[in-house]
1. Just wondering, is there one or more residues in the stretch 68-82 that are part of a strand (DSSP E or B) and modelled with pLDDT of 80 or more?
2. Does residue 79 fit the bill of being farther than 21 Å from residue 36 by Cα and within 19 Å of the chain's Cα centre (by Cα)?
3. Condition first: over 18 Å from residue 72 (Cα atoms) and assigned to a helix (DSSP H, G or I). Now tell me which residues in the stretch 137-168 satisfy that.
4. Please find, within the stretch 51-67, the residue that is nearest to the chain's Cα centre (by Cα) out of those that are within 15 Å of residue 111 (Cα to Cα) and modelled with pLDDT of 90 or more.
5. Could you say whether any residue in the stretch 121-128 is assigned to a helix (DSSP H, G or I) and more than 19 Å from residue 56 (Cα to Cα)?
6. Is there any pair linking a residue in the stretch 106-125 that is on the phi > 0 side of the Ramachandran plot and surrounded by fewer than 21 Cβ atoms within 10 Å (Cβ to Cβ) to one that is part of a strand (DSSP E or B) and modelled with pLDDT under 95, with Cβ under 9 Å and at least six apart or on different chains, and which?
7. State whether one or more residues within the stretch 78-101 are in contact with a helix residue (DSSP H, G or I) (Cβ under 6 Å, 6 or more places away or on another chain), surrounded by 22 or more Cβ atoms within 10 Å (Cβ to Cβ), in contact (Cβ under 8 Å) with a residue 24 or more places away in the chain and within 17 Å of residue 169 (Cα to Cα).
8. In the set 110, 148, 168, 174, which member is in contact with a strand residue (DSSP E or B) (Cβ under 7 Å, 6 or more places away or on another chain) and at pLDDT below 95?
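The values are calculated or read from the model by the stated rules, or taken from the named source; none is laboratory data. Predicted model, so just to flag it, every value in this text is computed and none were measured. FYI the Cβ positions are ideal-geometry reconstructions off the backbone, even for glycines, and counts take in every protein chain you see.
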């Protein structure tokens, strides 16, 4: 039978058909979803921080100190999720966990209400844009009090690269 395939030119067609149908293609190994505790360990925060997994998305909830909210107002409340999303913790979470599809950071009032939240999907940033995001976030953390424009830059970057939502009970939105 092999001689028939070779004479008829099917010797190349049959293996190609098998590859196209997946008969010979190796399966991709599944990437497990990380444990919430593994993601939580990547973030440093002196306040209340918790992580839950929702499918393959890590939901990081950080309680905002009311004093910071009052002092920083809407701008601080908008920027808060981006400070965590554009951090080494989130980048490490993606690098170390191929099964992680996204990170959602939620800024919560001590009463439990969500003030602001943002979701960064895995595929949004590449190496260059990650480096820029980390720089913008670092500048906002270091200089945000003296130079509010760095917080505004962070919010603009965040709004351009995430899915976000602001609670109108806490943040005035145009």
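1. no
2. For residue 79, the condition - farther than 21 Å from residue 36 by Cα and within 19 Å of the chain's Cα centre (by Cα) - is met.
3. Correct list: 157, 159, 160, 161.
4. In this case the residue turns out to be 61.
5. Yes, the stretch 121-128 contains a residue that is assigned to a helix (DSSP H, G or I) and more than 19 Å from residue 56 (Cα to Cα).
6. Final answer for the pair search is 112/63.
7. Among the residues of the stretch 78-101, at least one is in contact with a helix residue (DSSP H, G or I) (Cβ under 6 Å, 6 or more places away or on another chain), surrounded by 22 or more Cβ atoms within 10 Å (Cβ to Cβ), in contact (Cβ under 8 Å) with a residue 24 or more places away in the chain and within 17 Å of residue 169 (Cα to Cα), which makes the answer yes.
8. 110
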